[in-house]
1. Those residues that are under 16 Å from A166 (Cα atoms) and either more than 16 Å from the ligand (Cβ to nearest atom) or not in a strand (DSSP E or B) (or both), I need them from region 210-224; list them, please.
2. Are any residues in region 67-89 within 13 Å of the ligand (Cβ to nearest atom), assigned to a loop (DSSP other than H, G, I, E, B) and more than 13 Å from the chain's Cα centre (by Cα), and if so, which ones?
3. Return only the number of the condition from (1) of a type in the set (D, E, K, R); (2) buried (at least 23 other Cβ atoms within 10 Å of the Cβ); (3) away from the ligand (no atom under 14 Å from the Cβ) that K130 does not satisfy.
4. How many residues are in a strand (DSSP E or B) and within 6 Å of the ligand (Cβ to nearest atom) if we restrict to region 93-111?
5. When the residues of region 10-40 are filtered to those that are among the polar types (S, T, N, Q) and part of a loop (DSSP other than H, G, I, E, B), which remaining residue is modelled with the lowest pLDDT?
6. Which condition breaks for E60 when tested against (1) touching a Pro at 6+ places or on another chain (Cβ under 7 Å); (2) of a type outside the set (F, W, Y); (3) crowded, with 17+ Cβ neighbours inside 10 Å; (4) not in a helix (DSSP H, G or I)?
Amino acid sequence: MSSLSPRHINGIGMTSQRTRDRLIERLQQQGISNTEVLRVMRNTPRHLFVDEALSHRAYEDTALPIGFRQTISQPYIVARMTQLILQPQTPSSVLEIGTGCGYQTAVLAQLVPQVYSVERIGALHLQAKKRLQALKYYNVECRHTDGKGGWPNLNYRFDRILMTAACSELPLKLLEQLNHQGSMIYPFDDGRQQMLMRVTRQHDDFKTESFEAVTFVPLLSGVS
Ligand code: SAH
């Protein structure tokens, strides 16, 4: 994916602007109200983040396989989490745990000045990095690492952290990399169900809130 023509990016048939607009209407009906999030998702070519054989399904509101037993998240969930990232105001930096195909990363890159993203599967990391460069999202830095350890060798803290795989324990290292007043959005698996949660740092105290039931692939350890 080194060069992309406007025809590729704009799409035709099942990837056309009309098909995308229908997805955006559906997101609005489901309660997504942030106009910036809706604008960015309308303009982001989701069909270029999945295998060509699946591109005709790219604007359905559903998760799709991306290989290595991983998925591209459902558009509604991407919109919901991105809305939470932008509250109470646009942060200056976000760390994403779980780049996957890079779709959520691309959405964030159009709304937040600096985006960092880590992925534990080397092949997905490389593919997403190339794709994000080809699409000219230059404010993104990607690393191949286990996100449980946060961003490697850091002397900086993030305003937001977004975890796109479900954990059953909050990685402490990630909480340490949060700025004061910063927050982390994450799917939490209590063994029975997964809930979308937010933990907000108030100096050395942490406040948690829970939102809605979700389905994510698990947060795993190590790299491959
Ligand atoms: N953000 C993606 C979602 C990808 S699915 C999107 O836009 O659709 C979740 C991803 O998290 C998978 O690619 C998986 O390999 C990755 N992942 C799981 N555990 C991880 C860990 N400890 N560190 C980094 N990435 C991890």
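1. S210, F211, E212, A213, T215, F216, V217, L219, L220, S221, G222
2. Passing the criteria: F68, R69.
3. (2)
4. Of the residues in that region, 1 qualify.
5. Restricting to residues being among the polar types (S, T, N, Q) and part of a loop (DSSP other than H, G, I, E, B), the top hit is S16.
6. Going through (1) touching a Pro at 6+ places or on another chain (Cβ under 7 Å); (2) of a type outside the set (F, W, Y); (3) crowded, with 17+ Cβ neighbours inside 10 Å; (4) not in a helix (DSSP H, G or I) one by one, E60 breaks only (1).
The values are calculated or read from the model by the stated rules, or taken from the named source; none is laboratory data. Note that the structure is a prediction, hence the values are computed from the model and not measured. Positions of Cβ are backbone-derived with ideal geometry, glycine not excepted, and every protein chain shown enters the neighbour counts.
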